[in-house]
Amino acid sequence: MDTSSKENTQLFCKSSMRPVGRPSLTTEYSSSKEKQQCCGELKVFLGALSFVYFAKALAEGYLKSTITQIERRFDIPSSLVGVIDGSFEIGNLLVITFVSYFGAKLHRPKIIGTGCLIMGVGTLLIAMPQFFMQQYRYEKYSPLSNSTLSISPCLLESDNQLPISITEKSQPKRSDGCVQTVAIIGPIFGFLLGSLCAKLYVDIGFVNLDHITITPKDPQWVGAWWLGYLIAGIVSLLAAVPFWCLPKSLPRPRSREDSDSSSEKSKFIMDDHPDYQTPLGEKSKIMEMARDFLPSLKNLFGNPLYLLYLCASTVQFNSLFGMVTYKPKYIEQQYGQSASKANFVIGLINIPAVAFGIFSGGIVMKKFRISLYGAAKLYLGSSVLGYLLFLSLFALGCENSDVAGLTISYQGTKPVSYHERALFSDCNSKCKCSETKWEPVCGDNGITYASPCLAGCQASTRSGKTIMFYNCTCVGIAASKSGNSSGMVGRCQKDNGCPKMFLYFLVISVITSYTLSLGAIPGYILLLRCIKPQLKSFALGIYTLAIRVLAGIPAPVYFGILIDTSCLKWGFKRCGSRGSCRLYDSNAFRHIYLGLTVMLGTVSIFLSIAVLFTLKKNCVSKHRSFRTKTEGTMVSTTIRKENCITSDHLLQPNYWPGKETQL
């Protein structure tokens, strides 16, 4: 008989006193009706909760996918984008601890509904700057005619004529594990939504798209980042509706399993531990719970196993949050891919690999009935193997693009070190160009120039959205034997070996994601079983708070600060202040991004080793010694429970971890 479906019927059902004796027909009928009502409301609750998880994960996934779009749209550095991304977790700092502690005694459905409303309004507010700011103005040389009229970029800029970049304005069936499954599906849809919106121009609906001279492949392209936030906000608001129609608790249907076979999961969800549950018929008082808050916190942090696991997880999530936040940016800058493609491959390849790894870890725990000590070893092993695979990504990078005055000389013969006058040469000295402009031109020699003026181009023509430049003096001095001195708007593509490197990167990245996620369920079981049952809800709240506050907030910030140090060419705003980075040093970016991830992962591995040794010392060794001395007696069982109460039942042969994997 399937026990999980029976356990789910007990979700949020309160215990009640039942008379002992044979029930009458009326009692059996009312019990059956009560059970059907409970199951119906339970399914509504599970469906609504799954939708909430989906909405939250959708918003978080979409936020990660719009990092580079927001950076270019508002012309800000990666460090500030990291602050914006980290601020997504600040709300948790204010409420999560108290909600996890007091929420079990209050009207939980309404608390969840209120949270959904706040989340929905907040997500909608993220999109509001798009409607109050000026339209996006990208730096791009644009002839005023659609014909073959010849215009000299060099003369235009040297004569200090009007700016050449302008965007023209126009008229404006089962419930087992379902919640966690939807929580994993959410980021997939978030990144796919980000990929779709990245293909749409940022000011779609407000400008005439025929006048836009850039495409999604252009590094200055900004997609409709705001559109996904409107969608995610509406989804969050809709997710709040069902919770206002649910009761505070559900009546528990009478069943034979209630008395002697209630599972660990139902006990955890219902909080019916005798030391933690208030007496029947008495209302819990907030002041009484508040007095128990500090002792509970002290008891929790006095557990060395919990504290070490908390530290290991916090450091590991610093690594993972920083890596995931800037992964789309890394793919764009390192492999020359568009923002839309970067989001697409993450949503369709990487996240499903993570989901499959999590489920695989749960299946392994259940099928082989792995003990608590075995779960700790599996958690450590997946981390070690995952970060060893991650090391191979250092060799799968692309070299810097050839950009005159930044990565190579104008003669194309040797690298140069960046300085203020590096963009100028004898070939463009008569043009009096601006070093702050970034209007890249790809010469026929395969070298990118920061602007048509710095390329020394004397004439240009436009046909549709294609702009060609001719008689470019700087292109000519480094041209091939043909001597062609023309160029085309946009950056040159990276070398031919880069697409192959990108394919290898995707394969290794998927395997690494799968390997690291294998330890998710074993780690979660380790967290649940290393604490007292009455402190589980509180411990999970503290754990979530620590992960989000100590990893979710700071990791994107210091990752962004260090990534900014690899910038070769900064953009400048019209007011003269520094804007977003136009060009990164690929080698420096790769070593900073991957190196920081691996360094944090290594620290987490050492802390995980400490967890393993602590568990072995406190539980496994004591279990073996007591079993040797008092084997076969009732006294030995009592001693083992007293000395290793939090994990002994996992070490017994009759334990099956399927209960934990279904939480």
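If you keep only loop residues by DSSP, which trypsin sites (Lys or Arg not before Pro) in region 472-563 have at most 16 other Cβ atoms within 10 Å of their Cβ? Present the calculation step by step, with values, prior to reporting the outcome.
Details: sites: K481, R491, K494, K500, R529, K536, R548; in loops: K481, R491, K494.
In loop regions of region 472-563 (DSSP not H, G, I, E or B), the sparsely surrounded trypsin sites (Lys or Arg not before Pro) are K481.
Here are some pairs, K430/K494; K56/K366; K64/K329; K217/K329; K536/K616; K377/K536; which of them have Cα atoms lying more than 20 Å apart in this structure?
Details: K430/K494 30 Å; K56/K366 29 Å; K64/K329 10 Å; K217/K329 14 Å; K536/K616 22 Å; K377/K536 22 Å.
Exceeds cut-off: K430/K494; K56/K366; K536/K616; K377/K536.
Using a Förster distance of 30 Å, how high is the FRET efficiency between L294 and L46, based on the Cβ-Cβ distance and rounded to 0.05?
Values: r = 34 Å, r/R0 = 1.15.
That pair, L294 with L46, gives E of 0.30.
Provide the packing ranking of 581-587, 130-136, i.e. peptides ordered by the mean count of other C-beta atoms within 10 Å per residue, highest first.
Numbers: 581-587: 21.6, 130-136: 12.0.
Result, highest mean Cβ count within 10 Å first: 581-587, 130-136.
How far apart, in nanometres, would the label points at K616 and R137 be if each is projected 7 angstrom from Cα along the Cα-to-Cβ direction?
6.5
Grab the beta carbon distance between I111 and H211, set R0 = 51 Å, and tell me the FRET efficiency rounded to 0.05. List each step's numbers first, then the result.
Numbers: r = 50 Å, r/R0 = 0.98.
In this case the efficiency is close to 0.55.
Return the long-range amide H neighbours of R582 (sequence gap of 5 or more, or a different chain), with a cut-off of under 5 Å between placed amide H atoms.
Amide H neighbours of R582, under 5 Å, 5+ apart: K569, W570, G571.
Coordinate-derived values only; no laboratory data. All of these numbers come straight from a predicted model, not from anything done at the bench. Backbone-built Cβ (ideal geometry, glycine too); neighbour counts: all protein chains shown.
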